[in-house]
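Asker: Below: one structure in structure tokens.
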Amino acid sequence: MSGKAGEGDGTGTGGGKGRVSGKGGAGKGGTGPGKGRVRAGSSPASHAPRRNAPPREPEPVGFAARPNPARIAAYAGLAVLGALVGLAGALVQAAWFPGGLIVALAGAAGLFWGGRVLTRTQVGALAPAAGWFITVFLLLSGRPEGDYVFGDELGLVLFMLGGTVVAVICATASKVPQSAMRDVRSGT
């Protein structure tokens, strides 16, 4: 060893302030194996999340979220299905009044709840309810001659009130049960 600060003898025991110059191994601060900086992608530690990154703002939900074309198409399809169920329900409840009314309301309830479970949103229940309500309202309004398109007044009024109550219940239910979720594991 020559005794000058900053010079090493190649054995990794550089003198002075821990710097190594010349040929040889690593001293205190050298860059030998296991010491110093590690290249990106060369160790598992490089895959750890950044700790100094600013926090992300959460994605907006509900009506504040960006419109999703697939979801809009699903809502439009549910509204058309609601109109068809309203038309079929008006025919069924008029044909077999007491039992037909129950069958028609059960069909409407199944559509409203199915829309809610399918889309996992309250709008999923309200979209078919809107199509259903508009159709039933137009059928209830009657014709210029004074009679109704389908059935009597009492049946259509009960059908409209019952369907409205069912739509409100399905839309305001607090949470879709876990068993109705598709991607949730069942069992323990």
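Asker: How much solvent-accessible surface does Trp113 expose, in Å² to the nearest 10, with a 1.4 Å probe and all protein chains in place?
Answerer: Here the residue's solvent-accessible area equals roughly 80 Å².
Asker: Continuing with the same structure: Would you check the accessible area of Leu154, probe 1.4 Å, heavy atoms only, in square angstrom rounded to 10?
Answerer: Only protein atoms counted, so the area is about 100 Å².
Asker: If you take the beta carbon distance between Ile72 and Val157 as r and set R0 to 22 Å, what does 1/(1 + (r/R0)^6) give as a FRET efficiency, to the nearest 0.05? List each step's numbers first, then the result.
Answerer: Numbers: r = 33 Å, r/R0 = 1.49.
The calculated FRET efficiency here is 0.10.
Asker: Could I ask something else about it? Using 1/(1 + (r/R0)^6) with R0 = 22 angstrom and r between the beta carbons of Gln122 and Arg51, what's the FRET efficiency to the nearest 0.05? Could the numbers behind the result be given before it?
Answerer: Numbers: r = 38 Å, r/R0 = 1.75.
That pair, Gln122 with Arg51, gives E of 0.05.
Asker: What length, rounded to one decimal in nm, is gained on full extension from Ala88 through to Ala64, with 0.36 nm per residue of separation minus their alpha-carbon distance?
Answerer: Working: separation 24, 0.36 × 24 = 8.64 nm, distance 3.53 nm.
Stretched fully, the Ala88-Ala64 segment lengthens by 5.1 nm.
The values are calculated or read from the model by the stated rules, or taken from the named source; none is laboratory data. Model, not experiment: these values are computed from the prediction. Neighbour counts run over all protein chains shown; Cβ positions are idealised from the backbone, glycine included. Heavy atoms of the whole protein, side chains included, go into the accessibility calculation; ligands, DNA and RNA do not. Shrake-Rupley method; radii C 1.70, N 1.55, O 1.52, S 1.80 Å.
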